[in-house]
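Step one of this worksheet: look at the structure below.
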Amino acid sequence: MVTHITKAVIPAAGMGTRFLPATKAMPKEMLPVVDKPAIQYVVEEAVAAGLTDVLMITGRNKNALENHFDRVTELEAVLIQKGDRDRLAKVNESTDLADMHYVRQGDPLGLGHAVLRAKMHVGREPFAVLLGDDIIDARDPLLDKMLSEQITRNTSVVALLEVDPSQIHLYGAAAIEKTDDPDVVRITGLVEKPAAEDAPSNLAIIGRYVLRPEVFDVLEHTKPGKGNEIQLTDALQEMAVNPETTGGVYGVIFRGRRYDTGDRLDYIKAIIQLAVDRDDLGVELRPWLKEFTSTLE
Ligand code: G1P
């Protein structure tokens, strides 16, 4: 039995159409959240949980992602010459973070298809999947709990968040049974992006998964579902109802701070929320924000 999970898979092949024209020539994962690309928060979260082997599933137009996690010797040389250690440290932060690997998705056939592209790299061991649109506040650890539940229950684990019922159509929704741990549930069924009236609950899958390798066997035969895409949720549904052969699926309920950067409005909110808490920006931003909001109707 595996006691230590080290691999994280980060799908990053989406086209980012919600952010055009910003994403015309740049991957949406590189959009800055305050002063760091969104994707760097996600890689930092993986590394903080001990997942130092990171496989990114990329696509066309994604060279900037690889460059961001690689050295940039010309810039480093200039900063060294100037003696600018602070900025040099910022440049090196993402270079030394993780052991990065890349594979391309080719056809954008859905999240399930993207995850299946990780099969060769992952092999037959449990691994995590982190979706770039969700940023989990570093002060509210989630992955640690998911990894330890995966190991003790020898199952697949998804992160769940209670959302307003009017929002459930944006997520995978879970039917659940309680366990002896108030933060852990057994998943009895999953539906991808149901209408509010068809949703089994208002527990939404947020973009964190710790999966058993059996998910690859299931994804090999998963048919296109919602939006005519191969859905990870559909593969997990099959696993949830076949615990004997696949290990089943559990959920860890997240009650901390999560920032969605997947659409423009949430992205703006995420930047403000993260910036007000920053030591270097919050002191000036907070009073300004108060004054600014008092001018609003
Ligand atoms: C994906 C998954 C969905 C999940 C969501 C979390 O959807 O398919 O089940 O709830 O991520 O962010 P997407 O937002 O990529 O359409």
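Could you check the simple spin-label distance between GLU162 and THR52, using points 7 Å along Cα→Cβ, in nm with one decimal?
3.8 nm
Cα gyration tensor of the stretch 97-249, axes a ≥ b ≥ c as square roots of the eigenvalues: rounded (a/c below 1.5), prolate (a/b > b/c) or oblate? Provide the component values of the computation, followed by the final result.
Details: a/c = 1.30, a/b = 1.14, b/c = 1.15.
Cα axes put the stretch 97-249 in the rounded bin.
Give me the Debye-computed log₁₀ of I(q)/I(0) at q = 0.11, 0.12, 0.16 Å⁻¹ for the chain, equal point scatterers on Cα only, no solvent, two decimals.
Each listed q maps to, in turn, -0.68, -0.81, -1.39.
Could you calculate, for the stretch 43-84, the ratio of the Cα radius of gyration to the Kirkwood radius, expressed as Rg to Rh?
Details: Rg = 14.1 Å, Rh = 12.7 Å.
Checking Rg against Rh, the ratio lands at 1.12.
Give, in whole angstrom and from largest to smallest, the semi-axes √(5λ) of the equivalent ellipsoid of the stretch 37-113, with λ running over the eigenvalues of the Cα gyration tensor. Write out the running numbers ahead of the final one.
Working: eigenvalues 154, 46, 15 Å².
Ellipsoid half-lengths, sorted descending, are 28, 15, 9 Å.
So for the stretch 211-297, what percent of the C-alpha to C-alpha distances run longer than 15 Å?
Numbers: 2720 of 3741 pairs.
Tail of P(r) above 15 Å: 73 percent of Cα pairs.
State the dimensionless ratio Rg/Rh of the stretch 92-146 (Rg: radius of gyration of Cα atoms; Rh: Kirkwood radius). List each step's numbers first, then the result.
Values: Rg = 13.7 Å, Rh = 13.9 Å.
My calculation puts Rg/Rh at 0.99.
Grab the DSSP H runs of the chain that are 4 residues or longer, score each as -39,500 (n - 2.57), total them, divide by all residues and round the 222 nm result to the nearest 500 deg cm²/dmol.
Values: 12 runs with 106 residues, N = 297.
My calculation for the chain gives -10000 deg cm²/dmol from helical runs alone.
Antiparallel versus total DSSP beta bridges in the chain: what percent is that, nearest 5?
Details: 26 of 44 bridges.
Antiparallel bridges: around 60 percent, rounded to the nearest 5.
Starting from the Cα-Cα distance between LEU75 and THR152, subtract it from 0.36 nm times their residue separation and give me the gain in nm to one decimal.
Values: separation 77, 0.36 × 77 = 27.72 nm, distance 4.57 nm.
Residue separation times 0.36 nm, minus the Cα-Cα distance, leaves 23.1 nm.
Cα atoms only: what Rg and Dmax, in Å, come out for the stretch 235-285?
18.7, 56
Given a 1.4 Å probe and the protein chains all in place, what does the accessible area of LEU143 round to, in Å² to the nearest 10?
Its accessible surface works out to 10 Å², give or take rounding.
Can you pull the one-decimal nm distance between simple spin-label points at LYS36 and MET120, each 7 Å off the Cα toward Cβ?
A separation of 3.2 nm, rounded to one decimal place.
Using the structure shown, list the pairs from LYS7/LYS223; LYS28/LYS290; LYS36/LYS269 with a Cα-Cα distance above 18 Å, or answer none.
On the way: LYS7/LYS223 26 Å; LYS28/LYS290 30 Å; LYS36/LYS269 15 Å.
Flagged as over cut-off: LYS7/LYS223; LYS28/LYS290.
Please report the antiparallel percentage of DSSP beta bridges with both residues in the stretch 6-149, rounded to the nearest 5. Walk me through the numbers before you get to the answer.
Values: 2 of 15 bridges.
Here the share of antiparallel DSSP bridges comes out near 15 percent.
Around GLY227, what is the net charge, scoring Lys/Arg as +1 and Asp/Glu as -1 over all other residues with Cβ under 9 Å from its Cβ? Kindly include the intermediate steps, with their values, before the conclusion.
On the way: positive: LYS193, LYS226; negative: GLU192, GLU229.
So the surrounding residues net to 0.
Select from VAL158, VAL185, VAL78 the residue whose mean-square fluctuation is largest in a Gaussian network model of the chain (Cα-Cα springs shorter than 10 Å).
Ranking VAL158, VAL185, VAL78 by mean-square fluctuation puts VAL78 first.
Mind listing the phi-derived Karplus ³J(HN,Hα) values for the stretch 136-150, rounded to whole Hz, using 6.51, -1.76 and 1.60 with θ = phi - 60°, and x for any glycine or proline?
Each residue of the stretch 136-150 in turn: 9, 4, 4, 7, 10, x, 10, 4, 3, 5, 5, 5, 6, 5, 4 Hz.
Test of the criteria: in the stretch 103-138, which trypsin sites (Lys or Arg not before Pro) are in a DSSP loop and have at most 16 other Cβ atoms within 10 angstrom of their Cβ?
Numbers: sites: ARG104, ARG117, LYS119, ARG124; in loops: ARG117, ARG124.
When the trypsin sites (Lys or Arg not before Pro) of the stretch 103-138 are filtered for loop state and at most 16 Cβ neighbours within 10 Å, ARG124 remain.
Please give the FRET efficiency for LEU281 paired with THR17, using the beta carbon to beta carbon distance and R0 = 25 Å, rounded to the nearest 0.05.
Approximately 0.25, to the nearest 0.05.
What lysines could a cross-link reach from LYS178, if we take a straight Cα to Cα line under 25 Å and drop same-chain neighbours fewer than 8 places away?
The reachable lysines, counting only those whose Cα sits under 25 Å from LYS178, are LYS145, LYS193.
Between the stretch 249-297 and the stretch 68-129, what is the C-alpha centre distance in whole Å?
A separation of 26 Å, based on Cα centres.
How long are the semi-axes of the equivalent ellipsoid of the stretch 1-136, defined as square roots of 5 times the Cα gyration tensor eigenvalues? Whole Å, largest first. Walk me through the numbers on the way to the answer.
Values: eigenvalues 135, 80, 32 Å².
Semi-axes (√(5λ), whole Å): 26, 20, 13.
Could you pull out which residues in the stretch 94-111 have an amide N less than 17 Å from a spot 7 Å beyond the Cα of ASN228, following the Cα-Cβ vector?
Residues passing the 17 Å test: 107-111.
With the other protein chains left in place, how much accessible area per residue, in square angstrom, belongs to the stretch 118-186 at a 1.4 angstrom probe?
Numbers: 3100 Å² over 69 residues.
Ligands and nucleic acids excluded, the figure is 45 Å² per residue.
Once amide H atoms are built 1.01 Å from N in the peptide plane, which residues 5 or more positions from ILE206, or in another chain, come under 5 Å H to H?
Under 5 Å from the amide H of ILE206 lie the amide H atoms of ALA159, LEU160, LEU161, each far enough along the sequence or on another chain.
The values are calculated or read from the model by the stated rules, or taken from the named source; none is laboratory data. It should be emphasised that the depicted structure is a prediction, and the values quoted were computed from it without experimental measurement. For neighbour counting, all protein chains shown are included, and Cβ atoms are generated from backbone atoms with ideal geometry for every residue, glycine included. In case anyone asks, the SASA skips ligands and DNA or RNA and just uses the protein heavy atoms, side chains included. Shrake-Rupley method; radii C 1.70, N 1.55, O 1.52, S 1.80 Å.
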